[in-house]
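A.B. asks: Structure below; questions to follow.
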Amino acid sequence: MSTARRPRLPLAVAGLLLTAVPLLAPANPATACDAPDPAPSATRTPATVHHGRATVAYDPLTMPKGVVVGGPKVEIGTVIYNGTGAPFHSIRPALGLSAWAPIGNGKAVSLAPRDATVEVYHQGRWKRLSLTSGCDPVLNTNTDFLAAHLPDNRATRFLFRLSITRAAPAQLTSLQLHFTAWSERGYEALVSRTIPITR
């Protein structure tokens, strides 16, 4: 989660987030969704209910126009907004990458974990994320450590950066970026964007 750089919110979201602030601390274990219930109390607040799902959006000010193979890392900002009427105890973004191209005879090449690096700005420094191959094909990032508490009517911002290595197949000409928001309920939202890969 970026503290050194605070990307502006997309205009479509900014109007809803006049009181939004980035969250800098991980979820409090005492409020985690799998924590034991406290002892019954006459003053205990009734459980709240989420209405709808969280939303996720790209920050257009940090959306790269493309990525150069073997070139500098490009930064990508994203915002998760909670407008469900109840807090999330644990919510995080996940970034997926996919690139695919046919090579004839029914065969194709795709982006492999060795072909890319992905980092996230967290606690004042860039942290490299592990990449694993998924389906369709998609490279998935492990972002469990980013999970944080998010009150209702607040947003949290994250800044990622990525690069494509020279080992990437030459046939790949575009890269799909998939940002997903995950909470203690599971899947919340997805936004995707395609940028060109150039050499």
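The values are calculated or read from the model by the stated rules, or taken from the named source; none is laboratory data. Remember, predicted model here, so these are calculated numbers, not experimental data. Methodologically, a virtual Cβ is constructed for each residue, glycine included, from the backbone with ideal geometry; neighbour enumeration extends over all protein chains shown. Heads up: the accessible areas ignore ligands, DNA and RNA and are worked out on the full protein's heavy atoms, side chains in. Shrake-Rupley method; radii C 1.70, N 1.55, O 1.52, S 1.80 Å.
A.B. asks: Leaving ligands, DNA and RNA out of it, work out the accessible area of residue 133 with a 1.4 Å probe and give it in Å² to the nearest 10.
C.D. replies: Per-residue accessible area (residue 133): approximately 80 Å².
A.B. asks: Compute the distance in nm between two label points, each set 7 Å from the Cα along the Cα-to-Cβ direction, one at residue 114 and one at residue 49.
C.D. replies: Computed distance between label sites residue 114 and residue 49 equals 5.3 nm.
A.B. asks: Could you give the nm distance between label points at residue 125 and residue 100, where each point is 7 Å from its Cα heading toward the beta carbon?
C.D. replies: About 3.8 nm, to one decimal.
A.B. asks: Let me ask something additional. Please give every one of the lysines within straight-line cross-link reach of residue 127, meaning a C-alpha to C-alpha distance under 25 Å, and leave out same-chain neighbours fewer than 8 residues apart.
C.D. replies: List returned: 65, 73.
A.B. asks: Another question, then. Taking Rh as the Kirkwood radius computed over C-alpha pairs, what is the Stokes-Einstein D of the stretch 87-141 at 37 °C in a medium of viscosity 0.692 mPa s, expressed in µm² per second?
C.D. replies: Working: Rh = 13.2 Å.
D = 248 µm²/s.
A.B. asks: Describe numerically, in nm with one decimal, the distance between label points set 7 Å from Cα along Cα→Cβ at residue 198 and at residue 153.
C.D. replies: 4.5
A.B. asks: Over the stretch 51-123, average the accessible area per residue using a 1.4 Å probe and give it in Å², no decimals.
C.D. replies: Accessible surface, normalised per residue, equals 42 Å².
A.B. asks: Further question: Leaving out ligands, DNA and RNA but keeping every protein chain, what accessible area does residue 182 have, in Å² rounded to the nearest 10, with a 1.4 Å probe?
C.D. replies: Around 90 Å² of this residue is reachable by solvent.
A.B. asks: Next up: Need one value: the accessible area of residue 73 in square angstrom, 1.4 angstrom probe, rounded to the nearest 10.
C.D. replies: Residue 73 has an accessible surface of roughly 100 Å² with all protein chains in place.
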